Amino acid sequence: MRKPIIAGNWKMNKTPSETLKLLQGLVKELWDIDGVDVLVCPPFTSLAPAGELLKGSAIKLGAQNMHWEEKGAYTGEISADMLLDCGCSYVILGHSERRMIFRETNEEINKKVKTALKKGLHVVLCIGEVLEERNEGKTMQVVKEQLLDSLVGLSVEEMKGVVVAYEPAWAIGTGKTATADDAEDVIKEIREIIKETWDGDIAEKTRILYGGSVKASNIKELMSQPDIDGALVGGASLKTEDFVPIVKY
Ligand code: PGA
């Protein structure tokens, strides 16, 4: 039985003081939440205070990106050790906004995944097609290539630290959700690819999330699908009253 994960991707929202306010609300509601892993991923500048506030709570802390090198002359970048020191146990890698706006490639994402896992961080690897690719019937081709190229060279043991998030880019922040059936079809195939590439046991254990306009009103339908193990939530993770019902569901 895979434990569900509800992860909040705050993107470029919330200053450190706003972060503490939002987290105080979440902690009050979710301090000892059980049966689901809750993850919040605020911006880099909020991680240190967030880590302090979340100490001892069941809510886990993650970052939204990191660099693959351990340290050195990489102006503007953040390393895995910096995230760990702030109390992070997860990092989101390969989000479609990073792929599209910042031109991150699968090769770069693969280097980040390897460094993160080596350092003991869990990875939430995001993959997903854009609308044009979906309309051309290329969804599975794109998703498979992103999955395999971003995870190339990982052992079964390393795969234990990976959570996959299927996020069709056209459903992100648009209010358009893939139907639960569409999401299930793709996620089921992702599990199959993991089975063919690594093995059946790790495919059964790997948690695969759906992301893209997830809200309290659609979480039930998504979670009723056998292969969907949780959600990566953007917009609806920025308010306690929106995020808590998704987690509690
Ligand atoms: P959204 O974003 O929930 O606002 O669509 C999801 C994501 O980008 O992770």
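Before moving on, here are some points about what is shown:
- Farthest towards the positive end of the charge dipole of the chain, among the residues Leu121, Ile228, Gly153, is the Cα of Leu121, using unit charges on the Cβ of Lys, Arg, Asp and Glu.
- A Förster radius of 25 Å, combined with the Cβ-Cβ distance separating Lys188 from Lys55, puts the computed FRET efficiency at roughly 0.10.
- Stretch gain in nm, segment Val130-Met100, where the contour uses 0.36 nm per residue and the Cα spacing is subtracted: 9.8 nm
- Note on the chain: antiparallel DSSP beta bridges, both residues inside, total approximately 0 percent of the bridges counted.
- Looking at region 86-203 alone, DSSP beta bridges between its own residues are antiparallel in about 0 percent of cases.
- Here Lys176 is the anchor, and the aspartates and glutamates within straight C-alpha reach of less than 12 Å, apart from those fewer than 8 places off in the same chain, are Glu167.
- Here region 6-147 is assigned +1 on the Cβ of each Lys and Arg and -1 on the Cβ of each Asp and Glu. Its dipole about the Cα centre then comes out at about 100 debye.
- Rounded to the nearest 20 debye, the dipole magnitude of region 68-133 is 260 debye, with +1 charges on Lys and Arg beta carbons, -1 on Asp and Glu beta carbons, and the Cα centre as origin.
- Over the chain, the Kirkwood radius and the radius of gyration, each from Cα atoms, give a ratio Rg/Rh of 0.93.
- On the beta carbon distance between Asp199 and Gln225, with R0 = 25 Å, the FRET formula returns roughly 0.60.
- When the helices of the chain are scored as -39500 (n - 2.57) per DSSP H run of n ≥ 4 and the total is divided over every residue, the value at 222 nm lands at -12500 deg cm²/dmol.
- Positive-pole candidate from Met100, Val36, Val143, dipole of the chain, charges at beta carbon: Val36
- In this rough spin-label picture, where each label sits 7 Å from Cα along the Cβ direction, the Gln24-Glu69 distance is 4.0 nm.
- Dmax and Rg, reported as Rg then Dmax, of region 1-87 (C-alpha, Å): 13.7, 44
- In a reduced charge model with +1 at each Lys and Arg Cβ and -1 at each Asp and Glu Cβ, the chain shows a dipole moment near 680 debye about its Cα centre.
- Among 235-245, 197-207, the peptide with the highest mean count of other Cβ atoms within 10 Å heads the list, and the full ranking is 235-245, 197-207.
- Shape call, region 50-96: gyration tensor on alpha carbons, a/c limit 1.5: oblate
- Positive-end ranking of Val27, Val186, Gly62 along the dipole of the chain, with charges on Cβ about the Cα centre, is headed by Val27.
- Straight Cα distances below 30 angstrom link Lys71 to the lysines Lys11, Lys14, Lys55, Lys60, Lys111, Lys112, Lys114, Lys118, Lys119, Lys160, with same-chain residues fewer than 8 positions distant left out.
Readers should treat all values here as calculations from the given coordinates under stated rules, not as data from a laboratory. As the structure is a prediction and not an experimental result, all values here were calculated from the model. All Cβ positions, glycine included, derive from the backbone under ideal geometry; neighbour counts span all protein chains shown.
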